[in-house]
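Asker: Have a look at this one before I ask anything.
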Amino acid sequence: MRILVPVLPVPMVGRAGELAEIVGVWSQLAKAPCTVVITGAPGLGKSRLIAAALEALDPVPATVILGTARLHTPAPYDWLASALTNAQAGDLAIPKDALAWLAQDPDVPKERYAPSALLRIATKAVHELVKEGPAVIVADDLHALDPASLNLLGELATAAELPALLLVASRQPETELVARTVARLSGTPRAVRQHLGPLPEPEVATILFSRYAESMPADVVNGVWERTQGNPYWLSELLAATAGAPPTALLSEPMPGHLQLLSQEPSTLTAREQEVLAFLAAGLSNKQMARSMGISIRTVAVHVSNLLRKTGLASRTEAALWAARRS
């Protein structure tokens, strides 16, 4: 019988250097924006590093602007719409109809402003939110953002008189647009580029020792490191699945099934198959995909069959869930 014990989050082990670098950038922040770009595979702690940095910044930011991407129905300026919602901004000195459009109010006409005008207004809206600063602008999951949001973040990183630290996290770029955006942000003055890799075995051992009062056998530490591939998220899920069991269960218990889905990478998918995968995640039928892609329903069915075969997924539903988890 297992004893139920609380499973605490995996501590911030192995990221001290990156955290100190972000805090150092903040301490030297002036009137111009400074960008920190963090990349890495899913589960390596990009979001946790940003959260730890927000807690460690001194002085405390006057403003934190946080926006996120939507998984299933991406629309222009998703990041800003989310940021405006989080900030509950209603008194910005920009046209009210434009503000409503950027906030994705469903009752506002969509075609009133030209793209260039909207970009200027969106940039001004962020300036209004930052005010005198110092501020932190967080853009997590850059890879899942729409093109308009990516362009806006590029403008903010090069804006004049914006006293803000821009913290950007992304999976390793898999599309040209995201890769270009990462390169643009990384090339700005005083930009800091960080790439998170798996935790080495000694740091996995540190996490295990923090959970188990008894001595951890070296073969268990090594086995856990190999099973989790040094991925902090994988390690936290394995610890949760074996909570209350002896350390040997870390090797004997099966890895949680959802991690097997997360471990599968679509490196062999064609551009069309990746497009179909995105549509599956959005819930589109084969007929809807065929109309959007300008191909036949039969061709869509072939693409779906091929991507299921390549990824080892069993159904369209499983593929949609997997695509959502990777975003």
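Asker: From the backbone phi of the range 48-62, what are the Karplus-calculated ³J(HN,Hα) couplings (6.51 cos²θ - 1.76 cosθ + 1.60, θ = phi - 60°) in whole Hz, Gly and Pro given as x?
Answerer: 3J(HN,Hα) across the range 48-62, in whole Hz: 5, 5, 5, 4, 5, 5, 4, 6, 8, 5, 9, x, 5, x, 5.
Asker: Once the dipole of the range 158-246 is set up with Lys and Arg at +1 and Asp and Glu at -1 on Cβ about the Cα centre, which of 158, 233, 217 lies farthest towards its positive end?
Answerer: Final value for the positive-end residue is 158.
Asker: Once the piece of chain linking residue 112 and residue 60 is laid out straight, how much longer is it, given 0.36 nm per residue of separation minus the C-alpha distance between them? Before the final figure, lay out each step's value.
Answerer: Working: separation 52, 0.36 × 52 = 18.72 nm, distance 3.91 nm.
14.8 nm is the gain from fully extending residue 112 to residue 60.
Asker: Could you give me the radius of gyration and the Dmax of the range 25-98, taking only the C-alpha atoms into account and expressing both in angstrom?
Answerer: Rg and Dmax of the range 25-98, Cα atoms, are 15.1, 41 Å.
Asker: Work through the residues other than residue 30 whose Cβ is under 12 Å from its Cβ and net out their charges, Lys, Arg +1 and Asp, Glu -1.
Answerer: Values: positive: 31, 190; negative: 161.
Combined, the nearby Lys, Arg, Asp and Glu give +1.
Asker: Another question, if that's okay. Using protein chains only and a probe of 1.4 angstrom, how many square angstrom of residue 212 are accessible, to the nearest 10?
Answerer: 30
Asker: Using a basic spin-label model with each label point 7 Å from the Cα along Cα→Cβ, how many nm lie between residue 298 and residue 128?
Answerer: 5.5
Asker: If a/c stays under 1.5 just call it rounded; otherwise compare a/b with b/c (prolate if a/b is bigger, oblate if not). Do that for the chain, with a ≥ b ≥ c from the square roots of the Cα gyration tensor eigenvalues.
Answerer: Numbers: a/c = 2.23, a/b = 1.21, b/c = 1.84.
Oblate, since a/c reaches 1.5 and b/c is not below a/b.
Asker: Could you check the spin-label model distance between residue 209 and residue 155? Points 7 Å from the Cα along Cα→Cβ, value in nm.
Answerer: Output for this residue pair reads 5.1 nm.
Asker: Report the extension gain between residue 314 and residue 243 in nm, rounded to one decimal, defined as 0.36 nm multiplied by the number of residues separating them, less their alpha carbon distance. Could you put the intermediate results ahead of the total?
Answerer: Numbers: separation 71, 0.36 × 71 = 25.56 nm, distance 2.97 nm.
Roughly 22.6 nm would be gained on extension.
Asker: Towards the positive end of the charge dipole of the chain, with charges on Cβ (+1 Lys, Arg; -1 Asp, Glu), say which of 47, 95, 30 has the farthest Cα.
Answerer: 95
Asker: Just to verify a number: FRET efficiency for residue 97 and residue 30, C-beta to C-beta distance, R0 = 25 Å, to 0.05?
Answerer: Values: r = 35 Å, r/R0 = 1.40.
Efficiency at R0 = 25 Å is approximately 0.10.
Asker: Measure off, as a whole percent, the carbon and sulfur share of the 1.4 Å-probe accessible area of the chain, all protein chains present. Working shown, then result.
Answerer: On the way: 9110 of 15950 Å².
So the carbon and sulfur contribution to the accessible surface is 57 percent.
The values are calculated or read from the model by the stated rules, or taken from the named source; none is laboratory data. Values in this document were obtained by computation on a predicted structure and should not be read as measured data. Here the Cβ is made from the backbone with ideal geometry for all residues, glycine too, and neighbour counts use every protein chain on show. Areas reflect the complete protein model, heavy atoms only, side chains present, ligands, DNA and RNA absent. Shrake-Rupley method; radii C 1.70, N 1.55, O 1.52, S 1.80 Å.
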